[in-house]
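Shown next, in structure tokens, is the structure this report addresses.
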Amino acid sequence: MRQPSVISRRVAAAVVVLVVGSGAAACGPQDNKGSDGSSGATGKPAKGGTLTVLNRAAQEDFDPARLYTSGGGNVPSLVFRTLTTRNREAGAAGAKVVPDLATDLGTPSKDATVWTYTLKDGLKYEDGTAITSADIKYGIERSFAAELSGGAPYLRDWLIGGADYQGPYKDKKGLASIETPDAKTIVFHLNKPEGEFPYLATQTQTTPVPKAKDTGTKYENHPISSGPYKVVKNEGDGERLVLERNKFWSAATDEERKAYPDRIDVRSGLDSAVINQRLSASRGADAAAVTTDTNLGPAELAKVTGDKKLAARVGTGHFGYTNYIAFNPKVKPFDNPKVRQAISYAVDRTSVVNAAGGSSLAEPATTFLPEQASFGYNAYDAFPAGSTGNAAKAKELLKEAGYAKGLTITLTHSNDKNFATSPEIATAIQEALKKAGITVKLQGLQSNAYSDKIYNVKSEPGFFLTGWGADWPSGGPFLAPIFDGRQIVKNGYNFNASQLDDASVNKEIDEINKLTDLSAAAKRWGALDKKVGEQAVTVPLFHPVYKRLYGESVKNVVISDWTGVLDISQVAVK
């Protein structure tokens, strides 16, 4: 994560996750659950009809090289298949990585620095031509081109020679660290052990792109489909995207995508209130409509909860995301561990959850990792203060720290009304800390100024609100960017706010990355979370809960612990 342009885009995406939930990952449906493990309108799902998608954000840069997705994304995964993908099942089963274009999750070398994949038989593009390993290699290489930037930075970081490679338009030789010994085999050579490479292989950058059909920056207008749908219309850089069936896609090679609708009409640029109003009314085409990026807010949820029929059309999920207080120990008095511990004890999580919209939209957090097994969740509370805080314990620690008469500090937050890093959350913290003798001054900043300030080591405040979500459901991309000292970025966007550079933490991250047994790795990520948590460099506040409406004719609503939102590849409207 050393590319400022990519990182700034990711930060923006993280904010969108909190506002409208365009990010993805979660617990399965908790409303109107059917006997088949899914929810939605009654009756067996069938092929046919048009699914309408009502969104706020456009499907811009609809090029597999430029997309930054988790598990291949939602709408993108209808067009772009990848080496591996997320398991399209509800709940915890949906947090698993499974083969897609590949026959399995890959064969690692003994030290997990070389990964080999074999493609399935019978894979074809929308024009009927065969998909080859060379196409996947080329698809990855073009993602290194400056004019196609925007995707996840992992391949640039992990592949030997990736840091200096400029893409195939400038370097015709390609990346020597990706080999294609035959049309069905692709081999990756990494510069360090990466046991989680199967997760990375879900990113759209592993989508095959036929070199002869590559049109550079114009490719997004009509990318060549390897999935069940092809693009027939792309207007306004993804503001209107129309997909129709790819007749050469074969369900025999794809166990994950159901592809029930004949046509998918994505309409974007809509106000969130309008989207929820249209889904609520479910008139005409909107009865067969969903949203992939808009949540119900507190006020909207209150109205829906009072209507049983509407409440039955709400999908509930938990994206792997944590909202927290960040400390910068380079700034006094946060260099004193007892001050950080005192604040940890003083926080009233009940009032914070209420400020975030209530228990239906937020769940209190005492761990940095989300409460999902795939992340390695290990229940602990390093500073147990109950649900409403422990002001007496906080005062005791302040006295030990030399602040018997209390102290005054400043909390930096965003002025965006996102119920995450917003004034409501800041005020709840301010009021709780006041009981412990801590006077909190609030510094609210507009979105861009806020991001520029908190993600820059030169301007980073000592005490601020932020949040983090992983690129896949594992402890690795959740903990390493925040606590690995080698990921401190001094000239660009930095996420290690505490600037923690603990040799034992760094070493354990390296050791876990060598593991190809993802279950074993998860347990160690959980233990590492506890170890770091005891240093009080963050105060976990809450994990968000996502609530989204869908049209009354929509069937087979599946919400996984990977995405936390309705999986569009499973939906039927007939």
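The values are calculated or read from the model by the stated rules, or taken from the named source; none is laboratory data. Everything quoted here is computed from the prediction, not taken from an experiment. Heads up, the Cβs are rebuilt from the backbone with ideal geometry, glycines too, and the neighbour counts pull from every protein chain shown. Note: accessible area is taken over every heavy atom of the protein model, side chains too, but ligands, DNA and RNA are not part of it. Shrake-Rupley method; radii C 1.70, N 1.55, O 1.52, S 1.80 Å.
Mind listing whichever residues of segment 238-254 are more than 21 Å from LYS120 (Cα to Cα) and open to solvent by less than 60 Å² (accessible area, probe 1.4 Å)?
Hits for segment 238-254 are GLY238, ARG240, LEU241, VAL242, LEU243.
If you take the residues in segment 304-329 that are over 30 Å from LYS458 (Cα atoms) and β-branched (Val, Ile, Thr), which one is most open to solvent (accessible area, probe 1.4 Å)?
Checking each candidate, the answer is THR305.
So how many residues does segment 68-120 have that are surrounded by 21 or more Cβ atoms within 10 Å (Cβ to Cβ) and hydroxyl-bearing (Ser, Thr, Tyr)?
7
Could you tell me whether any residue of segment 124-131 is farther than 23 Å from ASN191 by Cα, of a type in the set (Val, Ile, Thr), in contact with a Lys or Arg (Cβ under 6 Å, 6 or more places away or on another chain) and at pLDDT 95 or above?
Checked against the condition, which is being farther than 23 Å from ASN191 by Cα, of a type in the set (Val, Ile, Thr), in contact with a Lys or Arg (Cβ under 6 Å, 6 or more places away or on another chain) and at pLDDT 95 or above, segment 124-131 yields no hits at all.
I need the full set of residues from segment 241-275 which are out of contact with any strand residue (DSSP E or B) (no Cβ under 6 Å at 6 or more places or on another chain) and polar (S, T, N, Q), in order please.
If the condition is that a residue be out of contact with any strand residue (DSSP E or B) (no Cβ under 6 Å at 6 or more places or on another chain) and polar (S, T, N, Q), then SER250, THR253, SER268, SER272 are the ones that fit.
Please work out if ALA527 is under 23 Å from ALA95 (Cβ atoms) and open to solvent by 30 Å² or more (accessible area, probe 1.4 Å).
yes
Of these, ASP237, ASP214, ASP254, which one is modelled with pLDDT under 95 and charged (D, E, K, R)?
None of the other options fit; the residue is ASP237.
Identify, from the list ASN506, ASN513, the residue that is touching an Asp or Glu at 6+ places or on another chain (Cβ under 8 Å), open to solvent by 10 Å² or more (accessible area, probe 1.4 Å) and within 30 Å of ASP567 (Cα to Cα).
Residue meeting the stated conditions: ASN513.
Hey, among VAL187, VAL209, which residue is more than 20 Å from PHE62 (Cβ to Cβ) and modelled with pLDDT of 95 or more?
VAL187
Out of VAL505, VAL554, VAL537, report the one residue that is of a type in the set (A, V, I, L, M, F, W, C), touching a Lys or Arg at 6+ places or on another chain (Cβ under 9 Å) and without any contact (Cβ under 8 Å) to a residue 40 or more places away in the chain.
Among VAL505, VAL554, VAL537, only VAL505 is of a type in the set (A, V, I, L, M, F, W, C), touching a Lys or Arg at 6+ places or on another chain (Cβ under 9 Å) and without any contact (Cβ under 8 Å) to a residue 40 or more places away in the chain.
Going by the structure shown, is LYS44 over 24 Å from the mean Cα position of the chain (by Cα), of a type in the set (Lys, Arg) and at pLDDT below 95?
It is true that LYS44 is over 24 Å from the mean Cα position of the chain (by Cα), of a type in the set (Lys, Arg) and at pLDDT below 95.
Considering THR421, THR439, THR516, which residue is within 29 Å of GLY72 (Cα to Cα), touching a Ser or Thr at 6+ places or on another chain (Cβ under 6 Å) and at pLDDT 95 or above?
Just a single option satisfies the conditions, and that option is THR421.
Looking only at segment 42-67, how many residues end up being surrounded by fewer than 18 Cβ atoms within 10 Å (Cβ to Cβ) and aromatic (Phe, Trp, Tyr)?
0
Check LYS547, LYS574, LYS523 and return the single one that is in a helix (DSSP H, G or I) and of a type in the set (D, E, K, R).
From the options LYS547, LYS574, LYS523, the qualifying one is LYS523.
Quick grid of which residues meet (1) part of a helix (DSSP H, G or I); (2) open to solvent by less than 10 Å² (accessible area, probe 1.4 Å); (3) among the acidic types (Asp, Glu):
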{"position": "ALA176", "(1), (2), (3)": "no, no, no"}
{"position": "PRO181", "(1), (2), (3)": "no, no, no"}
{"position": "THR202", "(1), (2), (3)": "no, yes, no"}
{"position": "ALA212", "(1), (2), (3)": "yes, no, no"}
